[in-house]
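Read through the structure below, which is laid out as structure tokens, and then see the notes.
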Amino acid sequence: MNINDFDFELPEELIAQVPLEDRTSSRLMVLDKKTGKVEHHSFREILQYLNEGDCLVLNDTKVLPARLIGEKEETGAAIEVLLLKQLEGDKWETLVKPAKRIKPGTKISFGNGLLTAECLETGEQGGRILEFSYDGIFYELLDELGDMPLPPYIKEKLDDRDRYQTVFAKERGSAAAPTAGLHFTEELLEEIQQKGVKLAFITLHVGLGTFRPVSVDSIEEHDMHSEYYLLSEDNAAILNRTRENGGRIITVGTTSTRTLETIADENGKFNAQSGWTDIFIYPGYQFKASDVLLTNFHLPKSTLIMLVSAMAGREHTLNAYKEAVKEKYRFFSFGDAMLIK
């Protein structure tokens, strides 16, 4: 399959730059994966598509304020560092700009020396292994010195960093938000539970793959970056009971979907586990875990639109995206949502 099979025209003005004041006031497109029929709703109306006995699966990862601006110690040159993954102790996999200035042995200072880093290794496309040194608690310094790692297509400053965090975020470690979850408020989740819908939580720490485009023409040759996931015994039990009782598993976001598809066995059963996944889902994939997908509108030629196409069919997906452009839906992280049923 060619990367251009997943391309579409997107006017730049449809890329949402700021979150809406009310999380639930975004729009919701509902796509029938069998017929390709599209309906238009507000996000609050998602309740009518959730049934008693269903299970809504949410990714409770918490985004780190992982973008740091520092200075190269020798020259004072400005250096931007994005934390991607903690390796061991104070060693982190990072993206650095401008990367050509940072070689093994180079030291970077942040916050007038409150935090320092030394480059240990260089990698591809700006990747660097850095080891940090500091007094005190690393995550407290990160809260003080770091900014939210907003995607490069968002040019506006985020006034409230909590708006790039879901209301159920708990397990810190992500370099990006699981954005389909941004539409929920605590009140809406309470209404969903009152309807008899169970909530289950997984953790997938979103990493490098979110920031890197597919750089090969044949998508089968694309290598996904691995990301850490966790499913607890309690949440595995909720998922298995849902299956046994005939309920649907509704995954919120591509991150929840990829995690459950990694964990589920051939019969769609779940066991508590943690590990690293590099699963790449594109058309032809047979879903074992996810019955319904709630997701945002994604970038052209991205692995995320390929996953959506695997769920709904490429033609239905691209037709729905064409309709979304025509109806001026808001796209990407702070944009509107799509429910594929």
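Sub-7 Å Cβ pairs linking a first residue in the range 185-199 that is on the phi > 0 side of the Ramachandran plot to a second residue that is open to solvent by 80 Å² or more (accessible area, probe 1.4 Å), at least 6 apart or interchain, are GLY196/GLU52, ordered by first then second residue. Among the candidates GLU171, GLU118, GLU131, GLU144, the residue that is among the acidic types (Asp, Glu), in contact (Cβ under 8 Å) with a residue 12 or more places away in the chain, open to solvent by 30 Å² or more (accessible area, probe 1.4 Å) and out of contact with any Asp or Glu (no Cβ under 7 Å at 6 or more places or on another chain) is uniquely GLU144.
For GLU261, state whether it is surrounded by 15 or more Cβ atoms within 10 Å (Cβ to Cβ) and in contact with a strand residue (DSSP E or B) (Cβ under 7 Å, 6 or more places away or on another chain). Before you say what the answer is, go through the steps one by one.
Values: surrounded by 15 or more Cβ atoms within 10 Å (Cβ to Cβ): yes; in contact with a strand residue (DSSP E or B) (Cβ under 7 Å, 6 or more places away or on another chain): no.
It is false that GLU261 is surrounded by 15 or more Cβ atoms within 10 Å (Cβ to Cβ) and in contact with a strand residue (DSSP E or B) (Cβ under 7 Å, 6 or more places away or on another chain).
Tell me whether the range 96-108 contains one or more residues that are of a type in the set (Ser, Thr, Tyr), at pLDDT 95 or above and assigned to a helix (DSSP H, G or I). No, there is no match, as no residue in the range 96-108 is of a type in the set (Ser, Thr, Tyr), at pLDDT 95 or above and assigned to a helix (DSSP H, G or I). How many residues are in a helix (DSSP H, G or I) and among the charged types (D, E, K, R) if we restrict to the range 228-270? Within the range 228-270, residues that are in a helix (DSSP H, G or I) and among the charged types (D, E, K, R) number 7. Evaluate the range 65-79: report whether one residue or more is within 30 Å of PRO19 (Cα to Cα), open to solvent by 40 Å² or more (accessible area, probe 1.4 Å) and of a type in the set (A, V, I, L, M, F, W, C). Scanning the range 65-79, I find at least one residue that is within 30 Å of PRO19 (Cα to Cα), open to solvent by 40 Å² or more (accessible area, probe 1.4 Å) and of a type in the set (A, V, I, L, M, F, W, C), so the answer is yes. Scanning the range 175-189 for residues that are more than 26 Å from HIS225 (Cβ to Cβ) and part of a loop (DSSP other than H, G, I, E, B) yields PHE184, THR185.
Residues in the range 314-330 that are out of contact with any Lys or Arg (no Cβ under 9 Å at 6 or more places or on another chain) and outside any helix (DSSP H, G or I): LYS328 alone.
The values are calculated or read from the model by the stated rules, or taken from the named source; none is laboratory data. All values reported here derive from a predicted model rather than from experimental measurement. Every residue, glycine among them, receives a Cβ derived from its backbone with ideal geometry; neighbour counts consider all protein chains shown. These area figures cover heavy atoms from the full protein model, side chains too; ligands, DNA and RNA do not enter into them. Shrake-Rupley method; radii C 1.70, N 1.55, O 1.52, S 1.80 Å.
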